[in-house]
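In what follows, a structure is listed as structure tokens, so that the remarks can point back to it.
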């Protein structure tokens, strides 16, 4: 069953955040992640204000998505995001 990594991100330092965006895709690829949406137009219809970026990544399984997040490769990439962006990440199992 597919799983989806959904991230809402507000960036405060675009230059430093680019260090994250240059590294993270390698971790996603390692775990079979496929970008479905990556920072395109979005509008909040209900709930919180529209985040600057919304990212959706598809994985072949929930376990792969969780393993990707916990992997040393992603954690290293994430270290470049800390302090320069606020992220809300949810991993949800597909139907």
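Rule-based calculations on the coordinates, nothing more; no lab input. Since this is a predicted model, take the numbers as computed values, not measurements. Using ideal geometry, Cβ is built from the backbone for each residue, glycine included, and neighbour counts are taken over all protein chains shown.
A few comments on the model shown:
- Residues of segment 33-60 satisfying the condition of being buried (at least 16 other Cβ atoms within 10 Å of the Cβ) and over 16 Å from residue 91 (Cβ atoms): 51, 52, 53
- If you go through segment 46-66 and pick out every residue that is over 16 Å from residue 31 (Cα atoms) and under 12 Å from the mean Cα position of the chain (by Cα), you end up with 3.
- One residue stands out among those in segment 67-76 that are touching a residue at least 40 places away in the same chain (Cβ under 8 Å) and under 13 Å from the mean Cα position of the chain (by Cα): the one that is farthest from residue 6 (Cα to Cα), which is 74.
- Residue match in segment 77-91 (condition: free of Cβ contacts under 8 Å to residues at least 60 places away in the same chain, closer than 22 Å to residue 2 by Cα and surrounded by 18 or more Cβ atoms within 10 Å (Cβ to Cβ)): no
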